[in-house]
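Working notes, structure below.
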């Protein structure tokens with residue numbers, strides 16, 4: 001019996017597993033397997049807002065058993081090795097899973113430990129549930145001073161997120177009536193705070209309007225926690241009372257161990273076919289790839305249809321023809337009530353960037369989590 005394996009149960013992996021399950025529902029001769037050790041799925045887009053509210057983290061979580069379709073077998077283990085020559089995957093308990101087609105959707109590994117920090121250093125981020133709860137407490141106790149925001153490396157998940165955090169932080173501090181006691185500084189390695197020029201221009205205008213200081217060409221080197229300074233490779237430094245740093249992102253160890261990644265462990269992937277380089281039966285999707293597209297959920301969403309079509313072609317011993325064009329659609333939040341809508345692809349920069357009213361955005365923000373769990377990740381949309 002042909003076996004289609006999806007390695008990783010984040011948004012990308014669950015979406016493809018469910019879409020494939022829908023397409024192959026009547027074909028009992030194909031087994032679909034998801035390898036993912038977790039029981040719960042976290043709605044990561046919600047993490048951006050949780051430093052600024054008091055909601056329980058459980059509001060962002062849902063059991064995978066309630067998301068995954070019944071004709072997908074869930075193996076709750078971690079994979080330790082991909083033998084791409086013999087089409088086998090080794091699990092942490094030593095068992096081996098065979099595959100005919102494989103989708104790698106392992107996401108990224110946040111290398112927090114590489115920063116060498118402790119809980120006493122007042123250095124935080126919002127890229128995991130645990131870290132988000134910690135920065136929430138830090139902000140509750142913050143009375144004023146210097147807040148510095150900086151990525152430690154690129155690429156990282158959701159490119160607009162640090163900018164969005166800066167805007168939401170500005171609004172939060174105004175509500176607490178300590179904005180006049182706080183300096184917000186945004187450090188970035190590029191000459192502008194976002195890689196798309198037309199978007200960056202709008203961000204800079206809003207930074208100026210809100211009093212957020214922007215420092216370009218700041219390439220993070222290290223943190224001097226004793227003197228509360230962040231230093232760049234160029235010798236620049238910025239003092240902080242609270243530092244928000246995006247931790248280093250790398251590919252997972254299983255990719256590095258299997259020889260399928262670049263030097264950071266991101267899967268070397270054709271940007272259109274989404275095939276892993278040199279592997280006709282392996283595809284990669286989502287944050288784990290090295291394709292020149294945002295590490296964002298919409299990239300995984302639009303990639304999923306391409307991969308599912310190509311996987312079915314492979315299973316039917318036909319030539320896969322579906323191609324991904326780099327389609328990306330996302331919001332860039334500028335406050336709790338406004339956002340830019342970004343729509344672009346490999347060949348197209350955003351043509352229209354709208355600033356939405358609080359009513360429109362408020363409704364969309366509240367509905368999106370329901371759309372995410374009710375339609376996107378279940379493969380219905």
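The values are calculated or read from the model by the stated rules, or taken from the named source; none is laboratory data. The structure displayed is predicted, hence computed values, not measured ones. All Cβ positions, glycine included, derive from the backbone under ideal geometry; neighbour counts span all protein chains shown.
Entry remark, region 140-167: residues being over 16 Å from residue 193 (Cα atoms) and surrounded by fewer than 18 Cβ atoms within 10 Å (Cβ to Cβ) number 6 in total. Just a yes or no: is a residue in region 243-253 surrounded by fewer than 20 Cβ atoms within 10 Å (Cβ to Cβ) and at pLDDT below 95? Among the residues of region 243-253, not one is surrounded by fewer than 20 Cβ atoms within 10 Å (Cβ to Cβ) and at pLDDT below 95, which makes the answer no. Which residue is nearest to residue 267 (Cα to Cα), if the candidates are limited to region 1-47 and must be assigned to a loop (DSSP other than H, G, I, E, B) and out of contact with any helix residue (DSSP H, G or I) (no Cβ under 9 Å at 6 or more places or on another chain)? Ranking the qualifying residues of region 1-47, first place goes to 37. The residues on offer are 59, 70, and the sole one that is outside any helix (DSSP H, G or I) and surrounded by fewer than 17 Cβ atoms within 10 Å (Cβ to Cβ) is 70.
Residues are listed down the side, and each one gets a yes or a no for (1) in a helix (DSSP H, G or I); (2) in the same structural domain as residue 288 (by TED's automatic domain parsing); (3) touching a helix residue (DSSP H, G or I) at 6+ places or on another chain (Cβ under 7 Å):
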site: 120; (1), (2), (3): yes, no, no
site: 133; (1), (2), (3): yes, no, yes
site: 136; (1), (2), (3): yes, no, yes
site: 159; (1), (2), (3): no, no, no
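Just the residues that are within 18 Å of the chain's Cα centre (by Cα) and either modelled with pLDDT under 95 or outside any loop (DSSP other than H, G, I, E, B) (or both), please, taken from region 262-291. Result: 267, 269, 284, 286, 287, 288, 289.
Hey, does region 197-204 have a residue that's in contact with a helix residue (DSSP H, G or I) (Cβ under 7 Å, 6 or more places away or on another chain) and modelled with pLDDT of 95 or more? Checked against the condition, which is being in contact with a helix residue (DSSP H, G or I) (Cβ under 7 Å, 6 or more places away or on another chain) and modelled with pLDDT of 95 or more, region 197-204 yields no hits at all.
Just to check your reading of the model, which residue among 223, 268 is more than 20 Å from residue 158 (Cβ to Cβ) and surrounded by 20 or more Cβ atoms within 10 Å (Cβ to Cβ)? None of the others qualify; the one that does is 223. Residue count for region 36-56 under the criterion of being surrounded by 16 or more Cβ atoms within 10 Å (Cβ to Cβ) and more than 19 Å from the chain's Cα centre (by Cα): the result is 1. Annotation note: of 205, 181, the sole residue that is surrounded by fewer than 18 Cβ atoms within 10 Å (Cβ to Cβ) and in contact with a strand residue (DSSP E or B) (Cβ under 8 Å, 6 or more places away or on another chain) is 181.
Condition check: touching a strand residue (DSSP E or B) at 6+ places or on another chain (Cβ under 6 Å) and surrounded by fewer than 15 Cβ atoms within 10 Å (Cβ to Cβ). Does residue 96 satisfy that?
Details: touching a strand residue (DSSP E or B) at 6+ places or on another chain (Cβ under 6 Å): yes; surrounded by fewer than 15 Cβ atoms within 10 Å (Cβ to Cβ): yes.
Spelling it out, residue 96 is indeed touching a strand residue (DSSP E or B) at 6+ places or on another chain (Cβ under 6 Å) and surrounded by fewer than 15 Cβ atoms within 10 Å (Cβ to Cβ).
Would you confirm, using the coordinates I've provided, whether residue 216 is within 19 Å of the chain's Cα centre (by Cα) and surrounded by fewer than 23 Cβ atoms within 10 Å (Cβ to Cβ)? Against the criterion (within 19 Å of the chain's Cα centre (by Cα) and surrounded by fewer than 23 Cβ atoms within 10 Å (Cβ to Cβ)), residue 216 does not qualify.
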